[in-house]
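**Q** This is the structure, below, for whatever I ask next.
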Amino acid sequence: MSGCKLASNITKDNCHYTVAGIKAVYLINYDPENEYTPNTDGGIEKIELAGDAKAYSIDFADNTASFSDELAINGNGGKYRTHTVNFTISNYNYELLNQDLALSLGKYTVVVVDKSNRAIMLGRYNGLSATAFNYASGAADADAFGWTVTMAGTEISMAQLLKDENVIAAVADKTVTTP
């Protein structure tokens with residue numbers, strides 16, 4: 001396995017602030033015809049979606065979104081990545097209910113933007129599908145409530161960085177619906 005050797009040092013940059021958490025989630029209907037152009041560093045600098053497709057932003061409840069990118073090993077010793085994203089939508093209205101089949105049964109490429117302004121793409125090669133889409137009302141006044149969505153998928157590479165959030169914003173739907 002000569003191709004599996006480190007080719008550079010991995011260093012730590014302590015010269016800036018970093019904050020944990022997710023500030024934005026975008027869903028792109030998964031399509032193998034979507035094109036993602038890398039820059040020289042390997043980050044994605046341009047997204048071209050098939051046909052008239054768009055990315056859609058998710059207005060999730062504050063501090064409920066997270067993602068993971070985990071190494072997994074199958075029974076034969078093969079390795080792959082599992083990408084997972086979670087978020088809670090506090091709306092319970094017709095706009096959300098009209099999207100329930102898509103959220104429950106669809107397949108997506110997901111871009112999350114963390115609070116340190118890194119845009120990260122999950123599910124680029126195989127897409128992510130819902131593994132949970134559940135509503136909880138809470139019992140006490142201060143309980144969390146809403147639709148909790150978990151999407152996961154098997155991938156052949158680590159989640160990729162986008163040059164910046166403008167790359168996904170350029171293909172995002174700009175329509176604003178007021179209930």
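The values are calculated or read from the model by the stated rules, or taken from the named source; none is laboratory data. Bear in mind the structure is a predicted one, so any value in this text is a computation, not a measurement. Every residue, glycine as well, gets a Cβ built from its backbone with ideal geometry; the counts of neighbours run over all protein chains shown.
**Q** Looking for whichever is out of contact with any helix residue (DSSP H, G or I) (no Cβ under 8 Å at 6 or more places or on another chain) and surrounded by 13 or more Cβ atoms within 10 Å (Cβ to Cβ) here; the options are Lys107, Lys79. Which one fits?
**A** Within the list Lys107, Lys79, the selection yields Lys107.
**Q** Can I ask one more? Across region 1-30, which residue is modelled with the lowest pLDDT among those that are exposed (fewer than 15 other Cβ atoms within 10 Å of the Cβ), of a type outside the set (S, T, N, Q) and within 20 Å of the chain's Cα centre (by Cα)?
**A** The residue in question is Val19.
**Q** Something else about it: Got a number for residues in region 95-137 being over 17 Å from Val149 (Cβ atoms), hydroxyl-bearing (Ser, Thr, Tyr) and at pLDDT 95 or above?
**A** Summing the residues that are over 17 Å from Val149 (Cβ atoms), hydroxyl-bearing (Ser, Thr, Tyr) and at pLDDT 95 or above in region 95-137 gives 1.
**Q** Could you list all residues from region 115-125 that are in contact (Cβ under 8 Å) with a residue 40 or more places away in the chain and in a loop (DSSP other than H, G, I, E, B)?
**A** Answer for region 115-125, where residues must be in contact (Cβ under 8 Å) with a residue 40 or more places away in the chain and in a loop (DSSP other than H, G, I, E, B): Lys115, Ser116, Asn117, Arg118, Gly123, Arg124.
**Q** While we're here: I need the full set of residues from region 32-42 which are among the polar types (S, T, N, Q), more than 23 Å from Thr150 (Cβ to Cβ) and touching a residue at least 40 places away in the same chain (Cβ under 8 Å), in order please.
**A** Answer for region 32-42, where residues must be among the polar types (S, T, N, Q), more than 23 Å from Thr150 (Cβ to Cβ) and touching a residue at least 40 places away in the same chain (Cβ under 8 Å): just Asn39.
**Q** If you don't mind, there's one more thing I want to ask. Assess whether Ala61 counts as being surrounded by 15 or more Cβ atoms within 10 Å (Cβ to Cβ), under 16 Å from Val112 (Cα atoms) and among the hydrophobic types (A, V, I, L, M, F, W, C).
**A** Yes.
**Q** Right, another one. Would you call Asn91 farther than 21 Å from Thr150 by Cβ, out of contact with any Ser or Thr (no Cβ under 6 Å at 6 or more places or on another chain), surrounded by 12 or more Cβ atoms within 10 Å (Cβ to Cβ) and touching a residue at least 40 places away in the same chain (Cβ under 8 Å)?
**A** Spelling it out, it is not the case that Asn91 is farther than 21 Å from Thr150 by Cβ, out of contact with any Ser or Thr (no Cβ under 6 Å at 6 or more places or on another chain), surrounded by 12 or more Cβ atoms within 10 Å (Cβ to Cβ) and touching a residue at least 40 places away in the same chain (Cβ under 8 Å).
**Q** Six or more apart or on different chains, Cβ atoms under 6 Å: show the pairs whose first residue is in region 43-69 and within 28 Å of Phe145 (Cβ to Cβ) and whose second is of a type outside the set (S, T, N, Q) and part of a loop (DSSP other than H, G, I, E, B).
**A** Note: pairs meeting the criteria are Ala55/Val171; Tyr56/Asp173.
**Q** Regarding Ile28, is this residue within 22 Å of Thr175 (Cβ to Cβ), in contact (Cβ under 8 Å) with a residue 60 or more places away in the chain and among the hydrophobic types (A, V, I, L, M, F, W, C)?
**A** So Ile28 passes the test.
**Q** Under the condition of being of a type in the set (S, T, N, Q) and over 19 Å from Ile89 (Cα atoms), which residue from region 112-154 is surrounded by the most Cβ atoms within 10 Å (Cβ to Cβ)?
**A** The extreme case among them is Asn126.
**Q** Separate question: Which residue out of Ala102, Ala72 is out of contact with any helix residue (DSSP H, G or I) (no Cβ under 7 Å at 6 or more places or on another chain) and more than 16 Å from Leu27 (Cα to Cα)?
**A** Answer to the selection: Ala72.
**Q** Looking at this structure, is Thr82 at pLDDT 95 or above, of a type in the set (S, T, N, Q) and in contact with an Asp or Glu (Cβ under 6 Å, 6 or more places away or on another chain)?
**A** Yes; evaluated as a whole, the condition is true for this residue.
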